[in-house]
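To start, the structure under review is shown below, and the notes come after it.
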Amino acid sequence: MLNADNSLLFLIDVQDRLTGMLKNSEEIAKNNSILAGAAKTLSIPALVSEQYPKGLGTTVFEVRQYIEPENIIEKTSFSALAANEIKSKLETFNRKKIILTGIETHICVYQTARALLESGYEVFVVKNACSSRKTKDYRTALELMRDYGARLTCVETVLFEWLGSSAHPNFKEIQALIK
């Protein structure tokens with residue numbers, strides 16, 4: 001089960017130009033923002049990768065506002081774990097349950113999920129916080145990640161697992177994020 005003590009939110013390349021290429025760009029920005037806001041409220045570490053920000057822009061503001069600047073790390077490899085700075089930063093958090101989101105599902109999210117699984121992490125891919133330009137590519141990536149052992153989930157499932165109960169002291173704050 002996911003909780004605030006065992007989870008880490010890992011957002012892959014939710015950047016201005018990449019989200020702009022998506023048919024569901026507003027939904028993806030919003031869902032990633034909800035997760036980032038909830039993680040901040042619940043003191044769950046969040047790590048963000050940016051694929052070549054000079055060309056693809058920085059992380060969208062909706063997400064960036066909730067992330068500590070030192071946890072936003074540039075990369076050029078498709079798998080975020082191939083970037084030594086990201087891999088080292090991830091290890092410092094000592095969390096084995098990784099909530100994974102991002103763009104593009106069939107490239108950077110998929111390769112990162114595979115590398116995380118091969119490194120012994122438990123990976124939860126948030127389907128409605130991931131996207132690709134083409135629906136078939138997105139669906140294929142989800143199938144591949146599931147085949148490799150990732151668990152598929154959605155934003156609200158993650159949020160309510162983190163809370164565990166409506167008696168949680170941050171329940172109303174988290175609930176407000178999804179209304």
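The values are calculated or read from the model by the stated rules, or taken from the named source; none is laboratory data. None of the values given here were measured: they were computed from a predicted structure. Positions of Cβ are backbone-derived with ideal geometry, glycine not excepted, and every protein chain shown enters the neighbour counts. Remember, those area values only see protein heavy atoms, side chains included, never the ligands or the DNA or RNA. Shrake-Rupley method; radii C 1.70, N 1.55, O 1.52, S 1.80 Å.
Counting the residues of segment 78-98 that are within 13 Å of Ala115 (Cβ to Cβ), open to solvent by less than 60 Å² (accessible area, probe 1.4 Å) and not in a helix (DSSP H, G or I) gives 3.
If the condition is being surrounded by fewer than 21 Cβ atoms within 10 Å (Cβ to Cβ) and free of Cβ contacts under 8 Å to residues at least 40 places away in the same chain, then segment 34-45 contributes Lys40, Ser43.
Would you check if there is a residue in segment 54-77 being open to solvent by 60 Å² or more (accessible area, probe 1.4 Å), free of Cβ contacts under 8 Å to residues at least 60 places away in the same chain, closer than 21 Å to Ala113 by Cα and assigned to a loop (DSSP other than H, G, I, E, B)? Yes, segment 54-77 has at least one match.
Selection of first residues in segment 148-168 that are on the phi > 0 side of the Ramachandran plot and of second residues that are at pLDDT 95 or above and outside any helix (DSSP H, G or I), restricted to Cβ pairs under 8 Å at least 6 apart or on distinct chains, gives the following pairs, ordered by first then second residue: Gly149/Val123; Gly164/Asn3. Residues in segment 113-139 that are open to solvent by less than 30 Å² (accessible area, probe 1.4 Å) and part of a helix (DSSP H, G or I): Ala113, Ala115, Leu116. In this structure, Leu159 does not satisfy being within 13 Å of Phe10 (Cβ to Cβ) and open to solvent by less than 50 Å² (accessible area, probe 1.4 Å). Once segment 1-24 is narrowed to residues that are part of a helix (DSSP H, G or I) and free of Cβ contacts under 8 Å to residues at least 60 places away in the same chain, the residue that is most open to solvent (accessible area, probe 1.4 Å) is Arg17.
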